[in-house]
1. Evaluate the stretch A:133-148: report whether one residue or more is more than 20 Å from B:Gly177 (Cα to Cα), part of a helix (DSSP H, G or I) and not acidic (Asp, Glu).
2. So is B:Ile172 surrounded by 15 or more Cβ atoms within 10 Å (Cβ to Cβ), within 16 Å of DNA strand C (Cβ to nearest atom) and not in a helix (DSSP H, G or I) or not?
3. Could you run through the stretch A:122-133 and say how many residues are facing chain B (nearest Cβ under 9 Å), basic (Lys, Arg) and farther than 18 Å from B:Ala61 by Cα?
4. Just one of A:Thr100, A:Thr111, A:Thr75, A:Thr71 is within 16 Å of A:Gln41 (Cα to Cα) and in contact with a helix residue (DSSP H, G or I) (Cβ under 8 Å, 6 or more places away or on another chain); which is it?
5. Please go through the stretch B:138-154 and give me each residue that is over 13 Å from A:Ile145 (Cβ atoms) and within 13 Å of DNA strand C (Cβ to nearest atom), ordered by number.
6. Across the stretch B:175-194, which residue is farthest from DNA strand C (Cβ to nearest atom) among those that are farther than 28 Å from A:Glu136 by Cβ and among the hydroxyl-bearing types (Ser, Thr, Tyr)?
7. Give me the pairs, please: first residue somewhere in the stretch B:177-189 and within 13 Å of chain A (Cβ to nearest Cβ) and near DNA strand D (Cβ under 6 Å from one of its atoms), second residue anywhere and of a type outside the set (Asp, Glu) and assigned to a helix (DSSP H, G or I), beta-carbon distance under 6 Å, and either six or more positions apart or on two chains.
8. Could you check, for the stretch B:8-22, whether at least one of its residues is in a loop (DSSP other than H, G, I, E, B), in contact with a His (Cβ under 9 Å, 6 or more places away or on another chain) and surrounded by 16 or more Cβ atoms within 10 Å (Cβ to Cβ)?
There are 2 protein chains.
Amino acid sequence: MNDKNVLHKIFTEKEFSQKELDIILPNFKKKEFLKGEYLLQEGKTANFYWFVESGFIRSFAVDTEGNDVSTNFYTEADIVIDWPSFFMRTSTKENIQALTDCTCWQLDFETFQQLFHSIEAFREAGRSRLVKSYFELKRHSTSLITDQAKERYLRLVSEKKHIAQNVALKQIASYLGITDTSLSRIRKEIAEEK
Amino acid sequence: MNDKNVLHKIFTEKEFSQKELDIILPNFKKKEFLKGEYLLQEGKTANFYWFVESGFIRSFAVDTEGNDVSTNFYTEADIVIDWPSFFMRTSTKENIQALTDCTCWQLDFETFQQLFHSIEAFREAGRSRLVKSYFELKRHSTSLITDQAKERYLRLVSEKKHIAQNVALKQIASYLGITDTSLSRIRKEIAEEK
DNA sequence: TTCTTTTCTTGTCATATGCCAAGATTTGTT
DNA sequence: AACAAATCTTGGCATATGACAAGAAAAGAA
């Protein structure tokens, strides 16, 4: 835990005193997930969240017809968390799955609570993360209404190139709110423009 | 501030001690907004949030083509807040406008911070509200992908009847991600089914 | 390397919803 | 009450995207 890892990029000395870092960081446990492994499954309650050290992760929901809809993708330095389940202590509607072998840093709810209520900087940082997630979710949601599928795809490519390149087309398509067929055509169109 | 109002439904004696309530509640200032008045406008930073005592309020974003897209509707006992702007202290992309004359209880950022960091129950309650908003936003967002416009409208009607009845068709339509024309046809269809 | 399975592409056709424009209706104003 | 403005409905047509199915390509397993 004292070697350099992604946690040091997340909990910086700008936001936390050394003393606080010494309290916070040792609580994170290194966790490895194999490709295909689930970090969280529908119906369970999220008792942990993670920061990604390496690898790709996807969260998705399954709708009434059994279609799976990607809700997010995660990679290095991202926080992987089901906010509602983790904080409301309710069973989740989401699945979180490793797309590749992954290394993560895990924190459990109880420890989180203890840090949250005892360290002001920790709760400010946590709140910021949640608000940032909210903001991005709203942007995505509004984009589903105002933008064409192609624009949404182009934005994903420009903002998360590694996702667009490494994740299966069908999983990206459902995130964009379209079918894999449509995304395939959109990709073709873009390729032909160049 | 000691008479019964909606704040007593929001800050209950189950979640807060009497002493805490005595500290918290007097910080809320009664605010009246006239129909059409803006609580927040694009470009400004949110320095307040409100609980609605009475009336209807709408938040909306304006996209690049100048179309306005409803992002939410608020009524009695709802919290009216632009989470990202309020917490990140950044200028907002949203507008919040009174659809009818409204009475609200207002809290400013500084006071919020002070309460948040000093009263554990207050921060638990605040976090819950944010998480709940997140959850609802995700549900709406997923619904835009998995459900037909008609289903989305029916759900809105069943969950927020007073909104569907009191808000202009065009504003509801943009919330549902469709045009006013389409919503008008959907309404007709539903009416004909009965 | 070969075989199997999964993923991606492409064609054809269907459909939900958008766009535009004209009336009808409702609401607000003088 | 009368007019103006905003909102809602309806028609005709356009289009983005979906559904289904078949083959091509890529990835994984033996």
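1. Yes, the conditions are met somewhere in the stretch A:133-148.
2. Values: surrounded by 15 or more Cβ atoms within 10 Å (Cβ to Cβ): yes; within 16 Å of DNA strand C (Cβ to nearest atom): yes; not in a helix (DSSP H, G or I): no.
In short, no.
3. 2
4. A:Thr71
5. Those that are over 13 Å from A:Ile145 (Cβ atoms) and within 13 Å of DNA strand C (Cβ to nearest atom): B:Thr146, B:Asp147, B:Gln148, B:Lys150, B:Glu151, B:Tyr153, B:Leu154.
6. Restricting to residues being farther than 28 Å from A:Glu136 by Cβ and among the hydroxyl-bearing types (Ser, Thr, Tyr), the top hit is B:Ser184.
7. none
8. Our first condition is that a residue be in a loop (DSSP other than H, G, I, E, B); within the stretch B:8-22, this holds for B:11-17.
Then keep just the ones that are in contact with a His (Cβ under 9 Å, 6 or more places away or on another chain); that gives none.
The answer is no, given that none of the residues of the stretch B:8-22 is in a loop (DSSP other than H, G, I, E, B), in contact with a His (Cβ under 9 Å, 6 or more places away or on another chain) and surrounded by 16 or more Cβ atoms within 10 Å (Cβ to Cβ).
The values are calculated or read from the model by the stated rules, or taken from the named source; none is laboratory data. All figures in this text were calculated on a predicted structure; none of them were measured in a lab. Note that we place each Cβ from the backbone using ideal geometry, even for glycine, and neighbour counts take in every protein chain shown.
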